[in-house]
Amino acid sequence: MTVLAFGTFDRLHEGHRVFLERAALLGDRLVVAVARDEHVQMLKSKIPIQNEETRRAHVADLQCVDEAILSDEQLGSYEILDRVQPTIIAVGYDQTALQTDLIRHLLEQDRLIPIERVAHKEAHVALGVVSRRSTSQTTGDDQFLIMQRKDKNPMWDKKWEFPGGKIDAGEEPIDAVVREIEEETGFRTAEAQFLGNHTHDWQMSDYIMRVHLYLFRCPVGEGDVQHEDRSAYTSAWVTPSEALNYDLLEANADLIRKFLLH
């Protein structure tokens, strides 16, 4: 059984790899059609960072991929179906427009090829326990920083969380957390101590997003938080037990119980 998958694959990242690995499980052979440069510009209104041959070669290097080829010269012709003769077509969680167009084409051609949606996304995120010594004379405990998230998704908007963000392709988690902390808070941390991993599944409207969290303790000095207005409403310095009184993102509450409360 031959599986055919489509994509741009500009700057190949972990999400691409996961999609293709899951697509490969649908059959015995995986063929990947890589979008041509001019099609990327037409569909996404931007020039791809890597040219089509570089993108194709990077996809071909993946162990789960049997063959990577360039897509049709004419956008929407789907001549590639005749070349590959797929048993199954795999589409990603965010390829709704492609799936709709494929269904249209197959109906027009009176052709039956099952389309399987890989309704699963994975992300890798580095988070920092940005900590400093409390100025309180009563507790003297270390405090850490939590931020109130600003997000278009109401499921996450106004929830409290650790500062941090997605790990870029080829970036180490420790480098990502140092970078994200400075971008989101203005603090520079001289050291980052790895505390552990945690995985959390978010049930979105029509797919599952699995987030792999890498937690680091990042001590900082005195100073005011310089949070980004586009990503946070406000921030607070709290102890682990105090943090649980805030409306935290579920995964962040799990991290506090798992690594900060003993």
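Are any of the residues in the stretch 90-106 under 26 Å from residue 176 (Cβ atoms) and either in contact with an Asp or Glu (Cβ under 8 Å, 6 or more places away or on another chain) or not in a strand (DSSP E or B) (or both)? Checked the stretch 90-106: at least one residue is under 26 Å from residue 176 (Cβ atoms) and either in contact with an Asp or Glu (Cβ under 8 Å, 6 or more places away or on another chain) or not in a strand (DSSP E or B) (or both). Can you confirm whether residue 210 is of a type in the set (D, E, K, R) and touching a helix residue (DSSP H, G or I) at 6+ places or on another chain (Cβ under 9 Å)? Taking the combined requirement at face value, the residue satisfies it. Scanning the stretch 141-177 for residues that are of a type in the set (A, V, I, L, M, F, W, C) and buried (at least 21 other Cβ atoms within 10 Å of the Cβ) yields 144, 145, 146, 147, 160, 162, 167, 176, 177. When residues in the stretch 1-15 are screened for being more than 15 Å from residue 93 (Cα to Cα) and at pLDDT below 90, 4 of them pass. Here the condition is being outside any helix (DSSP H, G or I), surrounded by fewer than 17 Cβ atoms within 10 Å (Cβ to Cβ) and in contact (Cβ under 8 Å) with a residue 60 or more places away in the chain; of 11, 111, it holds for 11 alone.
The values are calculated or read from the model by the stated rules, or taken from the named source; none is laboratory data. Please read all numbers here as calculations on a predicted model, not as lab measurements. We place every Cβ from the backbone using ideal geometry, glycine too, and count neighbours over all the protein chains shown.
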